[in-house]
Amino acid sequence: MNDTVNLGRPAALKAIEHDTITVGFTMISETKTGALLRTLAASKPGGALLELGTGTGASTAWILEGMDSAATLLTVDGEAKYVEIAQRHLARDRRVTFHVGDGALLLRELRERKFDLIFADTWPGKFDHLQDALALLCPGGFYVSSTISCRSQIGLMITRPKCRRSSLNSSKTRGSLCASFAGRRASSSPRASRRCDRALARRAVISFEARQQERLSGSGW
């Protein structure tokens with residue numbers, strides 16, 4: 001089955017992809033990732049959404065495609081030359097706010113805010129400062145992390161606050177993710193928290209990679 005047929009790609013995506021190739025940016029979100037983000041965004045009418053890692057705006061375009069007119073998106077990236085491409089094609093949409101700067105600093109600045117969907121596709125909020133990102137989730141919100149494996153496969157980890165439910169991956173993987181996130185506040189010291197963030201991210205990625213390897217070897221998924 002070809003599940004990429006008739007996905008109805010965002011109107012701005014072709015131009016974004018062209019400019020992305022021009023500047024040599026290689027970490028653009030793939031179609032299936034974008035389609036999932038669009039679906040999740042559509043499930044949060046009037047929601048507040050956060051994207052960590054704008055890149056050149058491909059995933060931003062997919063998220064905007066799923067949002068209703070009352071939803072808002074805040075997206076951040078540290079590379080101004082890449083964000084400029086995203087702004088060139090998407091800034092006319094009043095629902096999106098672009099922020100150029102350190103994602104880790106922004107996460108701390110957002111402590112008093114809550115988001116219905118967080119997409120982490122950069123270091124802060126995924127491999128570091130994970131607790132800061134998870135603390136921003138509304139009850140019932142989605143945390144999505146895009147991970148590129150050694151076989152160039154895309155994995156998405158979706159969890160709910162306190163890990164009540166997970167919407168993707170096998171039951172074995174869900175158990176690993178929930179066990180990890182449930183203990184994320186075991187220590188309150190800043191240094192220990194940073195170590196915890198990195199350990200949680202590594203365990204989550206390792207858990208996904210193990211299942212991915214099983215699928216690739218034909219032993220199940």
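The figures follow:
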quantity: Residue match in the range 33-40 (condition: more than 24 Å from residue 7 (Cβ to Cβ), part of a helix (DSSP H, G or I) and in contact with a strand residue (DSSP E or B) (Cβ under 6 Å, 6 or more places away or on another chain)); calculated: no
quantity: Within the range 58-74, considering residues that are of a type in the set (A, V, I, L, M, F, W, C) and surrounded by fewer than 21 Cβ atoms within 10 Å (Cβ to Cβ), the one farthest from the chain's Cα centre (by Cα); calculated: 70
quantity: Matching strands (runs of 3 or more DSSP E) fully within the range 57-131 where at least 1 residues are modelled with pLDDT under 95, touching a helix residue (DSSP H, G or I) at 6+ places or on another chain (Cβ under 9 Å) and closer than 20 Å to residue 34 by Cβ; calculated: 115-120
quantity: Filter pass, residue 77 being crowded, with 19+ Cβ neighbours inside 10 Å and of a type in the set (Asp, Glu); calculated: yes
quantity: Contacts under 6 angstrom Cβ, first residue in the range 91-120 being closer than 12 Å to residue 74 by Cα and β-branched (Val, Ile, Thr), partner modelled with pLDDT under 95 and loosely packed, with under 14 Cβ neighbours inside 10 Å, 6 or more apart; calculated: none
quantity: Residues satisfying the stated conditions in the range 133-160, i.e. at pLDDT 50 or above, surrounded by 15 or more Cβ atoms within 10 Å (Cβ to Cβ) and not hydrophobic (A, V, I, L, M, F, W, C); calculated: 141, 143, 145, 146, 147, 159, 160
quantity: So residue 12, is it of a type in the set (A, V, I, L, M, F, W, C) and free of Cβ contacts under 8 Å to residues at least 60 places away in the same chain; calculated: no
quantity: Residue list for the range 45-91, filter: small (Gly, Ala, Ser) and over 21 Å from residue 145 (Cα atoms); calculated: 46, 69, 70, 80, 91
quantity: Given (1) closer than 25 Å to residue 140 by Cβ; (2) in a helix (DSSP H, G or I); (3) without any contact (Cβ under 8 Å) to a residue 60 or more places away in the chain, index of the condition residue 46 fails; calculated: (2)
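The values are calculated or read from the model by the stated rules, or taken from the named source; none is laboratory data. The structure displayed is predicted, hence computed values, not measured ones. Here the Cβ is made from the backbone with ideal geometry for all residues, glycine too, and neighbour counts use every protein chain on show.
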